[in-house]
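Working notes, beginning with the structure itself.
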Amino acid sequence: MKIKVVKDILEANDSIARSNREAFVKMGATVFNLMSAPGAGKTTLLKTALKKLKSDYKIGVIEGDIATTLDAEQIEKIGIPVVQINTGGACHLDANMIRNAYPEFKGKKLDIIIIENVGNLVCPAEFKVGEDYKIMIHSITEGEDKPLKYPLMFKESSLLLISKIDLQPYLGVDIAKIKSDAKKLNPDIDIIEVSSKTGEGIDKFIKWIKSHLRKR
């Protein structure tokens, strides 16, 4: 019975996600679902990317957190419209939350919607929300064992951003192993090494975003 309940929840979520996707396609917006563990640097990297994209594209951000509006306030300061979702304890955003959030953009003709999901290495990958692409950020401070310990997020993502690589000289993490294990799980995943502090890899990330935008 428990398995059936879980199956029913995911099927209901997927149905709403398809409806969200149809709405996003109609809007002409490409949607990226940004996922990571807590502290991987999602918001800092997102702010860095938004500053480079906002002059060329109309962007909206949906911020997901268990509590507070701290990240949303940072995004708002750089002039990007943002909608906050506080889950109140849930470890992920689901399709219904997104369905209730995106109308808050009030008809803005957006080119890009970025969903910054709740920091968690498991749940966000299980729930489709209507996105075009899932992007995972994996900080080298988390070690090199995460692809094998938390495979689903690596399997579901179109892009893996290996972040905080400026710390490599101090940590000695085997980045090649992270890449190799990720590719074994998902041969089609793109991988970019990035550092928000030094700017390394940011332009490659921007180029990837631009190459994956929906053609109007």
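The table that follows gives values for the structure above.
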quantity: Positive-pole candidate from VAL129, PHE24, LEU10, dipole of the chain, charges at beta carbon; calculated: PHE24
quantity: Separation between Cα centres of the range 63-104 and the range 170-216, rounded to whole Å; calculated: 24
quantity: Overall form of the range 2-211 per C-alpha gyration tensor (a/c, 1.5; a/b vs b/c); calculated: oblate
quantity: Charged-residue dipole, Cβ positions (Lys, Arg, Asp, Glu), the chain about Cα centre, Debye nearest 20; calculated: 680
quantity: Rg/Rg_ref, the range 37-86, where Rg_ref = 2.2 N^0.38 Å and atoms are Cα; calculated: 1.10
quantity: Cα-based shape type of the range 1-122, given that a ≥ b ≥ c are square roots of the gyration tensor eigenvalues and the cut on a/c is 1.5; calculated: oblate
quantity: Ellipsoid semi-axes in whole angstrom, largest first, where each is sqrt(5λ) of the Cα gyration tensor of the range 87-216; calculated: 27, 18, 14
quantity: For the chain, with +1 on Lys and Arg beta carbons and -1 on Asp and Glu, the positive-most of GLY143, VAL61, SER163 along the dipole; calculated: VAL61
quantity: Above-threshold pairs, the threshold being 29 Å between Cα atoms, out of LYS109/LYS155; LYS58/LYS179; LYS106/LYS128; calculated: LYS109/LYS155; LYS58/LYS179
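All of the numbers you see were taken from the coordinates with simple rules; none came from a lab. What you see is a predicted model; the values in this text were computed from it and never measured. Cβ sites come from the backbone with ideal geometry, for glycine too, and all protein chains shown count toward neighbours.
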